[in-house]
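Written out below as structure tokens is the structure these notes cover.
We did not get these values from a lab; they are worked out from the coordinates using the rules stated. This one's a predicted model, so the numbers in the text were calculated from it and none came from an experiment. Because the Cβ atoms are built from the backbone with ideal geometry, glycine has one as well, and the counts that use them run over all protein chains shown.
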Amino acid sequence: MKKVESLREVSEWADLNKDILELIFNKLDVMDITMGASRVCISWFLASHNRTLWNTVDLTNLQELDVSRIFNFKDKERPIFFYKHPVDHKQGRTNLLTKIISRFFLDFFEVEGSISLMNLLVEISKLSRMAPKNLFFNFNSYIQENGLKFAAEKMPNIEKLALPMWCYQNDKSLRFAFSQWKNLKTLIIAHEHSFTGRFDFKAVGESCSNLTNLKYLGRLEEYTSREMVSYLHSLKRLSLRCSLVSSIAVYRFITGLPNLTILNVSHCKSPYDYFLPIAKSIDNYVITAATEKLEKFITCPQDCMICKDRCRYSWSYLAEDWRNDEIKELEF
């Protein structure tokens, strides 16, 4: 009897009005659709392939599970993060349906189980195919070489990309990835070279001629700024918001990037003195160069409260704040 009732309920969900079904799917996030809704019944599975659902693959809000599994990178052991997701229970599909509807009406449901980033990308690609134009990783995601290469191969039409701090790539994997993303217009990077090594901006510049917007978050080394100037000639908007950057590097960007029109150095500090906001240390020749060339040079006031608060420069704060920017093209 219970089995008959269960089948009847599944059948009712399968015959759900298309407008209501679309409303439900638009309420769900990537994980809900991939690991939940697409597995309810055949009609929901087919609806999960709707291209409009996959314009943006947003992984920024995934709940992480830190586990003991590790991998080696640059002779060091690194942890692998898994993400929580809803899973099927022994009670069958009706339990999953209850969770989905609870999420729809109450905006909450408890999730169990876990999935690695690589496996999640595989599941997403089965439904999204080549539709995604925006790909945003979780700030603390651990992207290994095969993960980025897979994402680039399966999602070649990406125009806006946010890469996290823990992006473990070699030159070969970066060259391959950006060779696929020829339509890339906006790139957001959280980078710490002491953890993940140099980021190959040459690979970006050689393949992404349409790249006009870049945000770099982290400690900006002088060699990195020189490399960016050498290979990213198409940049029009550059944000270094909340980064550690020198006046020399800022001047290098202003004078060396021929198409640059907007530069954001708000909440930046000196890489040589973490207590010194760049707004207080920037040289007059830099301000003069910015005034003469740029349409907009964004700094923060002398008494900026964010710059006074050292805690604002912790990675935990930046993980929450990196989606914000005074340049609207670099918000996500």
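Points worth noting:
- DSSP-assigned coil residues among GluC sites (Glu not before Pro) in segment 263-332, each with at most 11 further Cβ atoms within 10 Å: Glu295
- Zone of Ile306's modelled label, taken as backbone nitrogen in segment 266-284 under 12 Å from a point 7 Å along Cα→Cβ: 266-269
- One decimal place: the segment Arg39-Asn157 gains 39.8 nm when fully extended, by the rule 0.36 nm per residue minus the C-alpha distance.
- Taking other C-beta atoms within 10 angstrom as a stand-in for reagent exposure, Phe150, Phe137, Phe178 fall in the order Phe150, Phe178, Phe137, fewest first.
- Sorted by Cβ neighbour density within 10 Å, fewest at the top, the residues Val265, Val286: Val286, Val265
- Simple spin-label estimate for Tyr317 and His233 gives 3.9 nm between the two label positions (7 Å along the Cα-to-Cβ direction from each Cα).
- Charge sum, other residues only, whose C-beta stays under 12 Å from Gln180's C-beta, Lys/Arg counted +1 and Asp/Glu -1: +3
- Farthest towards the positive end of the charge dipole of segment 133-332, among the residues Thr255, Asn140, Ser207, is the Cα of Ser207, using unit charges on the Cβ of Lys, Arg, Asp and Glu.
- Subset of Lys133/Lys236; Lys154/Lys293; Lys126/Lys172 violating a 28 Å alpha-carbon distance limit: Lys154/Lys293
- Cβ crowding within 10 Å, taken as a proxy for footprinting-reagent exposure, orders Asp309, Asp325 from fewest neighbours to most as Asp309, Asp325.
- For Arg198 and Asp15, a Förster radius of 41 Å and the Cβ-Cβ distance give a FRET efficiency of 0.15, rounded to the nearest 0.05.
- Projected label points at Leu23 and Leu46, each 7 Å from Cα along the beta carbon direction, are separated by 2.2 nanometres.
- Asn284 versus Glu206: modelled label distance in nm, points set 7 Å from Cα along the beta carbon direction: 4.4
- Amide H contacts of Ser239 (H built 1.01 Å from N, in plane; Pro and chain starts excluded): Leu214, Lys215, Tyr216, Asn264 sit under 5 Å, all sequence-distant by 5 or more or on other chains.
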